[in-house]
Amino acid sequence: MTIVDEVLVPVADAIDVPTDLFVAGAWRPADSGRRFEVSDPATGAVLATVADADTADAVAAVEAADAAAAGWATTSPRSRADLLMRAFDLMHERSEDLALLISLENGKSLADARGEVAYAAEFFRWYAEEGVRLRGQVGHSPSGANRLLVGYQPVGVSVLVTPWNFPAAMATRKIAPALAAGCTTVLKPAAETPLTALAVAALLEEVGLPHGVLNVVTCSRPGPVVEAMLRHRRTRMLSFTGSTEVGRVLLRTAADSVLKCAMELGGNAPFVVLADADVEAALDGAMVAKMRNGGQACTAANRFYVHSSVHDAFVDGLIARMAAVRVGPGPDEDTECGPLINDRAVSKVDLLVRDAVQRGARAMIGGRAPEGPGSFYPPTVLVDVPADARVLHEEVFGPVAPVVRFEQEDDLMPMVNDTDFGLVSYLYTRDLARGLRLAERLESGMVGLNRGLVSDPAAPFGGTKQSGLGREGSTEGLLEFLEAQYVATSW
Ligand code: NAD
């Protein structure tokens, strides 16, 4: 145990977590001494205060990562892998504490939080296994004059910026491949959920990660802090997960130093139910795709296109299932759907639902935020949603299912692909060949074919169009943190 007790602060009288910055292997307050509050979205109660970094702290963190870079890059892949494997084991040992922490600061149900911890830990194991398997190539130049020896080098200091919706998994999906590749890192978690990221850092400290390999900078005003990191001349990579809007801003800044960028951005996933679909299976999948994390997932089904022959059966089933969802504070064992992240999120969901209703949609259940404390929004099903409703074109990020009826398969693709996003699409049909044929026409990086969940550490997660650049998970996620280098020689 390397964490000294005084850095740990009890959260909600339940778990002890560090609340300072983690820089060069030490826990320390922000340079300015400022702190910001983290609150429970179910009650508004303050859970803890956390160090509020500014640009001086950002620079210190990048410099700590830079100081550790050469040592980590030359640490053997096996040693790096052993450490990641210990992190996997420890994360499982701590899974109940971590799940509760996620549930407290993010609001998601304990069941969702437990699922997230298992998913997050798996990135440590998968990259522990994958990091030692990396190999290059030996080739001949076409002229026969040269041999080409292709190998990989860590890209260097990597800035990792993560969102609040999966505070553990979005962090480990970046940390694990970066560390396996030999990169040192600065993690900037979302201001809404910094405690989980700090708990993950404490866990890596405990398994013996060398000082400076992972640094964590928490802050309430991310603009200048992230900019200072990206403009530091030792930073070589940005790995960002968040909204397309912020991603665009960061890409512009990154362009000035020609940083390598991996961008996991927003989505607008269609969920298509064809006439020959197994409606019960489609409903099971719809509930997972729509309601995991209360709809606050980039992969959340954002709009449902259902063939007219199964439309009414699907809608009836969806209403019954959505009405049965138990809404409440995430940490209550009975809760299936927690609050949204904050009141701003509730207002945005409310606005999109009102817009749809004004344009002619009907709210079959839900559709109105409840009075009282907490950032709650009820499970909502909208039918007869017109094509121009904003809810079909913008990321809802809430428990709202807008359903559109379609008649002809030919009408489907233009509707489904009519979006600037291209993260994931869901398709239900009993005819696998037809499903695969249609999947090829879907403009998205991922397709759930008769499945409502696509996330998998072994799969290349990511989007096309304005949903992002690059992939996370799988070997492709490791390659993001590596640069190919070849040596031309002859013998
Ligand atoms: P966000 O873009 O507001 O914030 C993401 C991160 O960027 C946070 O750490 C935030 O503090 C930081 N940030 C915000 N403004 C910034 C600025 N001006 N400069 C630098 N950093 C800034 O997104 P969010 O609300 O935390 O997360 C929700 C979004 O994330 C959704 O759009 C969702 O689709 C997306 N997301 C995508 C994936 C994916 O893998 N494609 C996964 C999860 C979430």
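The values are calculated or read from the model by the stated rules, or taken from the named source; none is laboratory data. Everything quoted here is computed from the prediction, not taken from an experiment. Neighbour counts run over all protein chains shown; Cβ positions are idealised from the backbone, glycine included. What goes into the accessible areas is simple: the full protein's heavy atoms, side chains included, and nothing from ligands, DNA or RNA. Shrake-Rupley method; radii C 1.70, N 1.55, O 1.52, S 1.80 Å.
Which residue is surrounded by the most Cβ atoms within 10 Å (Cβ to Cβ), if the candidates are limited to segment 287-303 and must be within 11 Å of the chain's Cα centre (by Cα) and among the polar types (S, T, N, Q)? Spell out how you get there, then give the answer.
The initial filter retains those residues of segment 287-303 that are within 11 Å of the chain's Cα centre (by Cα), namely 296-299.
The next check asks that each one be among the polar types (S, T, N, Q); those that pass are 296, 299.
On the way: Gln296: 26, Thr299: 22.
That would be Gln296.
For segment 158-178, check the following and say yes or no: at least one residue is more than 16 Å from the ligand (Cβ to nearest atom) and either surrounded by fewer than 24 Cβ atoms within 10 Å (Cβ to Cβ) or free of Cβ contacts under 8 Å to residues at least 40 places away in the same chain (or both).
Of all residues in segment 158-178, those more than 16 Å from the ligand (Cβ to nearest atom) come to none.
No; the residues of segment 158-178 include none that is more than 16 Å from the ligand (Cβ to nearest atom) and either surrounded by fewer than 24 Cβ atoms within 10 Å (Cβ to Cβ) or free of Cβ contacts under 8 Å to residues at least 40 places away in the same chain (or both).
From the list Thr196, Thr253, Thr218, exactly one residue is under 29 Å from Phe397 (Cα atoms), under 17 Å from the mean Cα position of the chain (by Cα) and at pLDDT 95 or above. Which is it?
On the way: Thr253 fails: under 17 Å from the mean Cα position of the chain (by Cα); Thr218 fails: under 17 Å from the mean Cα position of the chain (by Cα).
Unique residue meeting the criteria: Thr196.
Here are some residues: Ser490, Ser425, Ser474. Which one is among the small types (Gly, Ala, Ser) and at pLDDT below 95? Even if it seems obvious, please write down each step before you answer.
Numbers: Ser425 fails: at pLDDT below 95; Ser474 fails: at pLDDT below 95.
Only one candidate passes the filter, namely Ser490.
Restricting the search to segment 401-420, which residues are open to solvent by less than 20 Å² (accessible area, probe 1.4 Å) and either free of Cβ contacts under 8 Å to residues at least 40 places away in the same chain or assigned to a helix (DSSP H, G or I) (or both)?
Leu412, Met413, Val416
Can you tell me which of (1) within 16 Å of the ligand (Cβ to nearest atom); (2) part of a loop (DSSP other than H, G, I, E, B); (3) open to solvent by 20 Å² or more (accessible area, probe 1.4 Å) is the one Leu251 doesn't meet?
Against the list (1) within 16 Å of the ligand (Cβ to nearest atom); (2) part of a loop (DSSP other than H, G, I, E, B); (3) open to solvent by 20 Å² or more (accessible area, probe 1.4 Å), Leu251 comes up short only on (2).
Could you give every pair whose Cβ atoms fall below 8 Å, whose first residue belongs to segment 77-106 and is under 30 Å from Asp332 (Cα atoms), and whose second residue is part of a helix (DSSP H, G or I) and open to solvent by 70 Å² or more (accessible area, probe 1.4 Å), counting only separations of at least 6 or pairs across chains?
The qualifying pairs are Phe88/Arg125; Ser95/Arg114; Glu96/Arg114; Ala99/Arg114.
Taking segment 353-378 as the search range and keeping residues that are at positive phi and in contact (Cβ under 8 Å) with a residue 40 or more places away in the chain, which one is surrounded by the fewest Cβ atoms within 10 Å (Cβ to Cβ)?
Start the filter on segment 353-378 by keeping residues that are at positive phi, which leaves 360, 366-367, 372, 374.
Among the residues that remain, those that are also in contact (Cβ under 8 Å) with a residue 40 or more places away in the chain are: 366, 374.
Values: Gly366: 24, Gly374: 20.
Looking at the filtered set, the residue picked out is Gly374.
Quick one: is Val207 surrounded by fewer than 24 Cβ atoms within 10 Å (Cβ to Cβ) and either in contact (Cβ under 8 Å) with a residue 12 or more places away in the chain or within 15 Å of the ligand (Cβ to nearest atom) (or both)? Before the answer, list the steps.
Numbers: surrounded by fewer than 24 Cβ atoms within 10 Å (Cβ to Cβ): yes; either in contact (Cβ under 8 Å) with a residue 12 or more places away in the chain or within 15 Å of the ligand (Cβ to nearest atom) (or both): yes.
Here the answer is yes, as Val207 does meet what is asked.
Which one of these does Leu423 not meet: (1) out of contact with any Leu (no Cβ under 7 Å at 6 or more places or on another chain); (2) away from the ligand (no atom under 16 Å from the Cβ)?
Against the list (1) out of contact with any Leu (no Cβ under 7 Å at 6 or more places or on another chain); (2) away from the ligand (no atom under 16 Å from the Cβ), Leu423 comes up short only on (2).
If Thr380 satisfies every condition in (1) touching a Lys or Arg at 6+ places or on another chain (Cβ under 9 Å); (2) closer than 28 Å to Trp126 by Cβ but one, which is the exception?
Only one criterion is unmet by Thr380, namely (2).
Take segment 443-487 and flag every residue that is touching a Phe, Trp or Tyr at 6+ places or on another chain (Cβ under 8 Å), closer than 30 Å to Ala73 by Cβ and surrounded by fewer than 16 Cβ atoms within 10 Å (Cβ to Cβ).
Hits for segment 443-487 are Ala458, Glu483, Ala484, Gln485.
Across segment 143-157, which residue is nearest to the ligand (Cβ to nearest atom) among those that are assigned to a strand (DSSP E or B) and aliphatic (A, V, I, L, M)? Even if it seems obvious, please write down each step before you answer.
Residues of segment 143-157 assigned to a strand (DSSP E or B): 147-154, 157.
This time we only want the ones that are aliphatic (A, V, I, L, M), so: 148-150, 157.
On the way: Leu148: 35, Leu149: 34, Val150: 29, Val157: 17 Å.
Only one residue fits best here, namely Val157.
If you go through segment 57-89, how many residues are open to solvent by less than 20 Å² (accessible area, probe 1.4 Å), more than 17 Å from Ala178 (Cβ to Cβ) and under 23 Å from the mean Cα position of the chain (by Cα)?
1
I need every pair where a residue in segment 466-480 that is at positive phi has its Cβ under 7 Å from the Cβ of a residue that is of a type in the set (Asp, Glu) and near the ligand (Cβ under 10 Å from one of its atoms), sequence separation at least 6 or different chains.
Listed by first residue and then by second, the contacts come to Gly468/Glu264.
For segment 265-276, enumerate the residues that are more than 14 Å from Val403 (Cβ to Cβ), away from the ligand (no atom under 16 Å from the Cβ) and either open to solvent by less than 30 Å² (accessible area, probe 1.4 Å) or part of a helix (DSSP H, G or I) (or both).
Leu274
So which residues in segment 421-442 are among the hydrophobic types (A, V, I, L, M, F, W, C) and either open to solvent by 10 Å² or more (accessible area, probe 1.4 Å) or closer than 19 Å to Cys298 by Cα (or both)?
Step one: filter segment 421-442 for residues among the hydrophobic types (A, V, I, L, M, F, W, C), giving 421, 423-424, 427, 432-433, 436, 438-439, 442.
Result: Phe421, Leu423, Val424, Leu427, Leu432, Ala433, Leu436, Ala439, Leu442.
Can you name the number of the only condition in (1) more than 28 Å from the chain's Cα centre (by Cα); (2) buried (at least 16 other Cβ atoms within 10 Å of the Cβ) that Ala345 fails?
It is condition (1) that Ala345 fails.
Tell me, which residue of segment 133-157 that is within 20 Å of Pro460 (Cβ to Cβ) and hydrophobic (A, V, I, L, M, F, W, C) is surrounded by the most Cβ atoms within 10 Å (Cβ to Cβ)?
Looking at the filtered set, the residue picked out is Val155.
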